[in-house]
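The structure appears right after this line, and notes come after that.
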Amino acid sequence: MNDCDRMQEQISEYIDGMLDTEVSDQLLVHLSECSDCRAYYHSLTVMMDTLNTMPEEEPGDGFHDRLINRIKDELAITTAIPAQEGPLHKIGNWAKWGAGAAAVVILLLSVRFLGDLNLSRMKVYEAPLIDKMQVAHDENPIQEEMRIFQADENGESLEDLGINSIQDPLVLEAEASDSIHTDAVDLMVQDVRIVPETLYGLAEENGIDVVLILEGAIILKLTTMEQREILHRELSRLGTILETGLEPKGDQEIQEVTIRIVPEE
Amino acid sequence: MTGESQLLDMAKTGSLPAFEELISLYEKKVFNYCYRMTNCREDAEDLTQEVFLKVYRSLPSFKGNSQFSTWLYRIAHNICIDKFRKQKAVVVPLVKGEEDEEREIQLKAEGPSPEDILLSKEQQSVIQKGIESLKPDYRSVIVLRDIQHYSYEEIADILKLPLGTVKSHISRARAALRQALESVL
């Protein structure tokens, strides 16, 4: 960057009074000697003055009413259709949604199997299962869900499907004391206004990346333990957290976490 | 008259009338921000609706760490940027065509002071096209700083960027806009 390039970058800050005295003085000396930079300064001030006079655009007639009606309409929809029953926005989202939904299905099934097997304290899915499930979901998540349902209908155990051990959701809830540990969470809420967009705002406020917003769910990308703790703290304020997913493998910290909003009865 | 923080508290507990009052305070500003970002009134109206819908839904999680207006603009900015991403960030280069030659305008402040200039629709349109030719992040700082007059600190808060980055963004955005409008400056 030559002297003029550097000075021209500073001219903008100078006009806004953002330069300290010493740098301002240097700039003024340069301006007194350089006609190119003076021309730049002049054209920038003209441009800024012009922008300054841009009138405020008036919204069209009925804008306020349309805005209010849209909000009322959306609220009516949210209240009428519980999040878990809502249709998905896009077919393309099925793959990711399927993974979360399958995890929920497995957990629901697990309660029954745990009763049958009289198991109470077991670890979440073991590693081979994680791999197997992951591969299956990558191939066809919907088919995988159907396979699990079918197995249930046929009286097959989850072990027959390669599912070795399942954790009681209540245990997961108890253990999730101060951070989000897994990649899927059900947030049980009483306030019907709490929807995925609520969590979007929360993520924005806390510097957490949003991967995707679905009907009734949101996928966030967590990159640090601190974000897991923040997310846990914030979700706790909105409702009851029920972790339903898988823990990250090994040292892996970055993980996409699906949060499903479930209105409480 | 109910103050903004009181309205905010009421809206957070679900009061739609309170939220309507908040909307009345900010709808024009948000609409203008979206309009300057998109250069399209219909898009600006849709985006403004999305912004307030998202704000209403996000209110239960708003802690007040930043000012409401800052938070509102951050959501507006993110919604506009999302829209550009979905459109694969179509950037319209400001290439002069034959028609544009005829519409070329003179912005130089010769005679009346800048405050006295009443920009014609044509002039506004040329400037708006210039803004539209910038990449979205630059567009945003030009609109926030030079049209809506937010301070550097407020812009840093809205865009969640360090102050130094905001300074260089503003400098570069102005340089880019100046270049886009070179023929009329």
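With respect to A:V29, determine if the residue is part of a helix (DSSP H, G or I) and exposed (fewer than 12 other Cβ atoms within 10 Å of the Cβ). Even if it seems obvious, please write down each step before you answer.
Numbers: part of a helix (DSSP H, G or I): yes; exposed (fewer than 12 other Cβ atoms within 10 Å of the Cβ): yes.
For A:V29, the condition - part of a helix (DSSP H, G or I) and exposed (fewer than 12 other Cβ atoms within 10 Å of the Cβ) - is met.
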* To do: State the number of residues belonging to the range A:9-26 that are surrounded by fewer than 16 Cβ atoms within 10 Å (Cβ to Cβ) and among the hydroxyl-bearing types (S, T, Y).
  => 2
* **Hits in the range B:141-185 - residues which are in contact with a His (Cβ under 8 Å, 6 or more places away or on another chain) and part of a helix (DSSP H, G or I)** => B:V141, B:I158, B:L159
* Among (1) on the phi < 0 side of the Ramachandran plot; (2) assigned to a loop (DSSP other than H, G, I, E, B); (3) within 11 Å of chain A (Cβ to nearest Cβ), the one test that B:I127 misses -> (2)
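Restricting attention to the range B:38-66, report how many residues are of a type in the set (S, T, N, Q), in contact (Cβ under 8 Å) with a residue 12 or more places away in the chain and in a loop (DSSP other than H, G, I, E, B).
First, pick out the residues of the range B:38-66 that are of a type in the set (S, T, N, Q): B:38-39, B:48-49, B:58, B:61, B:65-66.
Those left that are additionally in contact (Cβ under 8 Å) with a residue 12 or more places away in the chain: B:38-39, B:48, B:58, B:66.
Subsequent filtering for residues that are in a loop (DSSP other than H, G, I, E, B) retains B:39, B:66.
Total meeting the criteria: 2.
Just checking, which of B:L177, B:L144 is at pLDDT 95 or above and in contact with a Phe, Trp or Tyr (Cβ under 6 Å, 6 or more places away or on another chain)?
Values: B:L177 fails: in contact with a Phe, Trp or Tyr (Cβ under 6 Å, 6 or more places away or on another chain).
It is B:L144.
Each row is one residue, and each column tells you yes or no for (1) more than 11 Å from chain A (Cβ to nearest Cβ); (2) more than 14 Å from the chain's Cα centre (by Cα); (3) in contact (Cβ under 8 Å) with a residue 12 or more places away in the chain.
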site: B:E132; (1), (2), (3): yes, no, yes
site: B:D137; (1), (2), (3): yes, no, yes
site: B:S140; (1), (2), (3): yes, no, yes
site: B:R174; (1), (2), (3): no, yes, yes
site: B:S183; (1), (2), (3): yes, yes, yes
* Asked: Out of the range A:75-100, which residues are surrounded by 18 or more Cβ atoms within 10 Å (Cβ to Cβ) and either at pLDDT 50 or above or within 29 Å of B:E20 (Cα to Cα) (or both)?
  -> A:L75, A:T78, A:A83
* Quick one: which residue in A:R6, A:R112, A:R38 is of a type in the set (K, R), surrounded by fewer than 16 Cβ atoms within 10 Å (Cβ to Cβ), out of contact with any helix residue (DSSP H, G or I) (no Cβ under 6 Å at 6 or more places or on another chain) and modelled with pLDDT of 85 or more? => A:R6
* Search result, residues across the range B:144-158 that are among the hydrophobic types (A, V, I, L, M, F, W, C) and more than 9 Å from chain A (Cβ to nearest Cβ) -> B:L144, B:I155, B:A156, B:I158
* Structure fact -> Looking across the range B:159-172 at residues that are away from chain A (no Cβ under 11 Å) and closer than 14 Å to B:R74 by Cα, the single one that is surrounded by the fewest Cβ atoms within 10 Å (Cβ to Cβ) is B:L161
* Would you check if A:V192 is within 13 Å of chain B (Cβ to nearest Cβ), in a strand (DSSP E or B) and of a type outside the set (G, A, S)? => no
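Does the range A:38-50 contain at least one residue that is more than 7 Å from chain B (Cβ to nearest Cβ) and aliphatic (A, V, I, L, M)? Talk me through it step by step, then tell me what you get.
Step one: of the range A:38-50, the residues more than 7 Å from chain B (Cβ to nearest Cβ) are A:38-42, A:45.
Filter again for aliphatic (A, V, I, L, M), leaving A:39.
For the range A:38-50, residues more than 7 Å from chain B (Cβ to nearest Cβ) and aliphatic (A, V, I, L, M): present.
The values are calculated or read from the model by the stated rules, or taken from the named source; none is laboratory data. Everything numeric here is computed off the predicted structure, so don't read it as measured data. Don't worry about glycine lacking a Cβ; one is built from the backbone with ideal geometry, like all the others, and counts go over all protein chains shown.
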